[in-house]
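Accompanying notes for the structure given below.
The values are calculated or read from the model by the stated rules, or taken from the named source; none is laboratory data. As the structure is a computational prediction, the values presented were derived from the model and not from experiment. With ideal geometry, Cβ positions are generated from the backbone for all residues, glycine too; neighbour counts draw on all protein chains shown. When the accessible area is computed, the model is the full protein with side chains, heavy atoms only, and any ligands, DNA or RNA have been set aside. Shrake-Rupley method; radii C 1.70, N 1.55, O 1.52, S 1.80 Å.
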Amino acid sequence: MIFRILFKYILGYVNISVEGYYIERFINTCISKGIFLWNVKRDKSTYMRANVGIQEFKKLKQVAKNTKCKMSIEEKKGLPFAMHKYRKRKMFFILIIVIAISMYGTSKYVWNIQIEGLDKISTEEILKNLEESRTKCWDSEVKDKYK
C-alpha cells in the first residue's frame, strides 16, 4: 500500500473534493471501476476529500457525472507538478545531477583510516601491514593489467 502511494507521488496525484448527496455511490463506483482513492476524509454527510492519481482522475470525471456529484481539485502534488513549477530552472536540475554523480564517484574510495583503542598491537604495526597489503594488491592489479 505504501509503495503504491509512493509510486503515485512519483507519477503525480491530485487532492480532490467531492460534494453531493450520493457520496457513497461515488465511492462504490470508484471501487468497482478500479480507481484507487486514498486518504479519504468525509467532513460532512455531503462533502468528502480524497487523493487520486492523475491517470485515474480522467475516469473520475465520468463517475462524478453519473453520480451527480460536484468534483473539484484542491491541490496538485507529486514530481510532475514540481518539475513543471521549476521548468525554467534547468541549471538547478543539471547541478543536482552533477552533485549526485560526484557523490556516487567519491563514495567508491576510502579517504581516511583512523585506528583507535588498540592495546596489544601498535598503531604503527597496523599501518605498516596495511601499506604492505595495499602495495601487494596494487602490484597484482598492475601485473594483471599488462599481461
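Look at region 41-65 and say how many of its residues are among the hydrophobic types (A, V, I, L, M, F, W, C), over 19 Å from residue 80 (Cα atoms) and either in a helix (DSSP H, G or I) or open to solvent by 80 Å² or more (accessible area, probe 1.4 Å) (or both).
Number of matching residues: 3.
Which condition number in (1) touching a helix residue (DSSP H, G or I) at 6+ places or on another chain (Cβ under 8 Å); (2) closer than 23 Å to residue 22 by Cα is the one that residue 39 fails?
Every condition holds for residue 39 apart from (1).
State which residue is most open to solvent (accessible area, probe 1.4 Å) when the search covers only region 85-120 and only residues that are of a type in the set (Ser, Thr, Tyr) and part of a loop (DSSP other than H, G, I, E, B).
109
Please work out which one of (1) modelled with pLDDT of 85 or more; (2) touching a helix residue (DSSP H, G or I) at 6+ places or on another chain (Cβ under 7 Å); (3) closer than 26 Å to residue 4 by Cβ is the condition residue 79 fails and give its number.
(1)
Out of all the residues in region 6-31, which are in a helix (DSSP H, G or I) and of a type in the set (Val, Ile, Thr)?
10, 23, 27, 29, 31, listed by residue number.
Condition first: more than 14 Å from residue 75 (Cα to Cα), over 25 Å from the mean Cα position of the chain (by Cα) and surrounded by 14 or more Cβ atoms within 10 Å (Cβ to Cβ). Now tell me which residues in region 1-40 satisfy that.
Across region 1-40, the qualifying residues are 19, 20, 22, 23, 25, 26, 27, 29, 30.
Based on what the data block shows, is residue 37 modelled with pLDDT under 90, over 30 Å from residue 134 (Cα atoms), among the aliphatic types (A, V, I, L, M) and out of contact with any Lys or Arg (no Cβ under 6 Å at 6 or more places or on another chain)?
Details: modelled with pLDDT under 90: yes; over 30 Å from residue 134 (Cα atoms): yes; among the aliphatic types (A, V, I, L, M): yes; out of contact with any Lys or Arg (no Cβ under 6 Å at 6 or more places or on another chain): yes.
So residue 37 passes the test.
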